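Input: a single structure, listed below in structure tokens.
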Amino acid sequence: MNARRFSVHTREMIRASQKEFFRYVSQRLGGDLCTVGKKELLRYHAYLVGQKSKRTGEPLAASTINNLFHGVCLVFSVLYRAGVIPENPAQGLALKLPLPVGWRRRPLTRDEITRFLERIETGTRQGLKDRTLFELIYSSGLRVAEAAALKVGDIDFVRRVMVVRGKFDRDRMVPISHVAHDFLVHFLGDRIETPDAWVFMGYAGQTRGRHISSKSVSERFRTLLRRFGMDKAEISTHSIRHSTATHLLENGASVRHVQELLGHASLESTVRYTHVMTDALAREYRKYHPREHELFEIVDTAYEARFESLLVRAKKGW
């Protein structure tokens, strides 16, 4: 944790998961981690599976349970390597829950991202902050935590570039679009002359005097999606970053350049963003290649709607 292998957001999540586990151990096992074995970890995993979200009242998502239990496993990994315990009770426990079948986070289309951004009312301070924040994430393919932790001094307003403090201490220089730049200047006002100021400051709770939290950004994004009638399970704040990569690749940008923009350590991480392009290519290939069936066409919702419309017209004798 202190070695900064993880991003700030990830470290906060791990600390929260470990705090919950320590509370559990204190109440049920007297607080001695050295007495925890595989049976106790299995019971704790079952306990997590039975918990419900304090926010929604629904059972915890598989991804949440996986993250919570991963934080606990890290504790015993550290204790074992330090020689505090003779063996790691988490070793060999394959308890990672599968995500729902067919679920996959997706990028927003160009029309969707335009509709989302342009519907944000900028006549209020909150609206201007929202528009600036999400324009910036889309402009430069930022992670939510990276955008939240920006300082004014990280931005070169003349050259339209900024230093991004990425994961695993991998800082990078990225460009800023004209639109995002103009919103930044308007939003910051006089604060543009204060290099140490947070771009997106927090004003309540633990964020008072610091930058906003990643959680608050995600919650604000979800609130706006609901307001605009765009809320879908497969769309999250990370979808904006995903959209940046996808739209750049669709316009001809090289995978290598997109890799540098996103701050991916490996090319494989960036290649995953090409699946949308690959799906579209496959659809066009099957539709037009002479070696494919000449009447082949992938049936999608638009096709089905068009087909139903033709049936209705036929019944009416049109």
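Read-outs: derived from the displayed coordinates by stated rules, not from any lab. Please read all numbers here as calculations on a predicted model, not as lab measurements. FYI the Cβ positions are ideal-geometry reconstructions off the backbone, even for glycines, and counts take in every protein chain you see.
Checking the a/c ratio against 1.5 first, then a/b against b/c, what shape does the Cα gyration tensor give for the range 28-147?
Note, shape of the range 28-147 comes out prolate.
Filter the cross-link list Lys19/Lys52; Lys129/Lys232; Lys39/Lys96; Lys54/Lys151 down to pairs whose alpha-carbon distance in this structure exceeds 28 Å.
Cα-Cα > 28 Å for Lys54/Lys151; rest within.
Could you list which residues have their amide H under 5 Å from that of His211, counting only those 5 or more apart in sequence or on another chain, with H placed in the peptide plane?
Amide H neighbours of His211, under 5 Å, 5+ apart: Gly202.
Using 19 Å as the cut-off for backbone N distance, which residues of the range 222-245 belong to the label zone defined by a point 7 Å from the Cα of Lys215 along Cα→Cβ?
In the range 222-245, the label zone of Lys215 (backbone N under 19 Å from the point 7 Å along Cα→Cβ) covers 222-224, 236-238.
Would you please state which residues of the range 129-155 a label at Val161 would reach in this model, taking the label point 7 Å out along Cα→Cβ and a backbone N cut-off of under 18 Å?
Only 139-142, 151-155 fall inside the zone, counting backbone N under 18 Å.
So what are the ³J(HN,Hα) numbers for the range 79-90, from phi and the Karplus equation (6.51, -1.76, 1.60; θ = phi - 60°), rounded to whole Hz, Gly and Pro as x?
Once rounded to whole Hz, the list reads 4, 5, 5, 7, x, 6, 10, x, 8, 8, x, 7.
Between the alpha-carbon centers of the range 118-185 and the range 51-101, tell me the distance in whole angstrom.
Between the Cα centres of the range 118-185 and the range 51-101 lies a distance of 34 Å.
Can you list the residues, at least 5 places off or on another chain, whose amide H is less than 5 Å from the amide H of Met162, using H built in the peptide plane?
Long-range HN contacts for Met162: Asp156, Val174.
Could you give the length gained on full extension between Val185 and Arg226, defined as 0.36 nm per residue of separation minus the Cα-Cα distance, in nm?
The span from Val185 to Arg226 would gain 11.9 nm if fully extended.
Quick check: net charge around Gly127, other residues with Cβ under 15 Å of its Cβ, Lys/Arg +1 and Asp/Glu -1?
Summing Lys/Arg as +1 and Asp/Glu as -1 gives +2.
Just flag the trypsin sites (Lys or Arg not before Pro) in the range 134-209 sitting in loop per DSSP whose Cβ has no more than 14 other Cβ atoms within 10 Å.
Arg159, Arg170
If you filter the range 75-162 for chymotrypsin sites (Phe, Trp or Tyr not before Pro), then keep DSSP loop positions with at most 16 other Cβ within 10 Å, what is left?
Listed in order of number, the matching sites are Trp103, Phe157.
Around Ser236, which amide H atoms from residues at least 5 apart in sequence, or from another chain, sit under 5 Å from its own amide H, with H modelled in the peptide plane?
Arg106
Report the label-to-label distance for Ala204 and Arg81 in nanometres (one decimal), using points 7 Å from each Cα along the Cα→Cβ vector.
That separation, rounded to one decimal, is 3.9 nm.
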